[in-house]
1. Report the residue count in region 190-205 for those that are among the hydroxyl-bearing types (S, T, Y), open to solvent by less than 20 Å² (accessible area, probe 1.4 Å) and free of Cβ contacts under 8 Å to residues at least 40 places away in the same chain.
2. Among the candidates K136, K118, K154, single out the residue that is among the charged types (D, E, K, R), within 16 Å of P86 (Cα to Cα) and either open to solvent by 10 Å² or more (accessible area, probe 1.4 Å) or under 13 Å from the mean Cα position of the chain (by Cα) (or both).
3. Looking at (1) modelled with pLDDT of 95 or more; (2) out of contact with any Cys (no Cβ under 9 Å at 6 or more places or on another chain); (3) open to solvent by less than 60 Å² (accessible area, probe 1.4 Å), which is the only condition L107 fails?
4. Among (1) modelled with pLDDT of 95 or more; (2) exposed (fewer than 15 other Cβ atoms within 10 Å of the Cβ), which single condition is S40 missing?
5. Within region 45-56, track down each residue that is modelled with pLDDT of 95 or more and open to solvent by less than 50 Å² (accessible area, probe 1.4 Å).
6. Report, by residue number, each residue of region 58-82 that is part of a loop (DSSP other than H, G, I, E, B) and buried (at least 18 other Cβ atoms within 10 Å of the Cβ).
7. Search region 6-37 for residues being in a loop (DSSP other than H, G, I, E, B) and small (G, A, S), and hand back the single one that is least open to solvent (accessible area, probe 1.4 Å).
Amino acid sequence: LVTDIITDSRQLSFNEGLVFIAISGKNHDGHLFIDSIFKSGIRIFIIEKLPEFHERFEGAAFIKTNNSVEALQLLASYKRKAFRSPVIAVTGSAGKTVVKEWLSDVLGSTKSVIRSPKSYNSQIGVPLSVWKLDEKYKLGIFEAGISLPGEMDKLQIVIDPDIGVITNIGDAHSENFPDNKTKAEEKLKLFVNSSLIIYCSDQELIQQLILKNENFKSKMLIDWSCENSGAKIFVKKSSLSGGHTGIQMSFNGITNDFEIPFSDRASVENAITVAAVCLALGTGADIVARGLAG
């Protein structure tokens, strides 16, 4: 019976019900650690190649697969399909981890939330995060990052978010994409099955791609803007004492004033994104205000 998965021998804290997935990466090959991991007590291994003299690993089970990373992703997608509560995915060039963490803090004040640990947003990090889904949680929040074309299709199958959040598009991880438009299109593939997408329409490229996307026309699109009063959520910013920032947000005919303990542009935009998601999900303004103030 498998209860948990590890891909890094340094993650080993217990061995009951633990399976080790040996991944052949650019710099490290997990197959080289099978001997030491076996000695630590683990008896289940998912591998791409059998270790030499595997008969000497008495009582061990080796499950051979063509691609260990794909096997990990398939296991995680199986867990995702069984999860009945909503899942939020956050992507973008910058701010993913901060938005994910702040969202978890604010929404987690009223319900049980499972989120990606640290910056687990890669082809390996995402399935390791999603694998932790359990019915005791009432919301999942995961971040997704890509550095190559084709990667988001795989992450979409693993997370399959009900709610999509895109922070921005910039030059981070651009070396494998011809331009930011191609990279943005790739990121938006994450939301192919989402029913709600939240974004900043001041990001012109994102705005254009979302409005032109035929698949997105059937979805609920909630944009926030500091420039366009016609946005679903119109935001006005003001400088407050002590390096704080005031944000006034108008949504569905209701205006709320919030205060955040930052003044730098990135933090303010991340906080507005978090507030926009919370308002879109019907979170009480008092809960949002408390969360942002912290």
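1. 2
2. K136
3. It fails just one condition, (2).
4. The number of the failed condition is (1).
5. F45, I46, I47
6. Within region 58-82, no residue meets the criteria.
7. A22
The values are calculated or read from the model by the stated rules, or taken from the named source; none is laboratory data. None of these values were measured; they are calculated from a predicted model. With ideal geometry, Cβ positions are generated from the backbone for all residues, glycine too; neighbour counts draw on all protein chains shown. When the accessible area is computed, the model is the full protein with side chains, heavy atoms only, and any ligands, DNA or RNA have been set aside. Shrake-Rupley method; radii C 1.70, N 1.55, O 1.52, S 1.80 Å.
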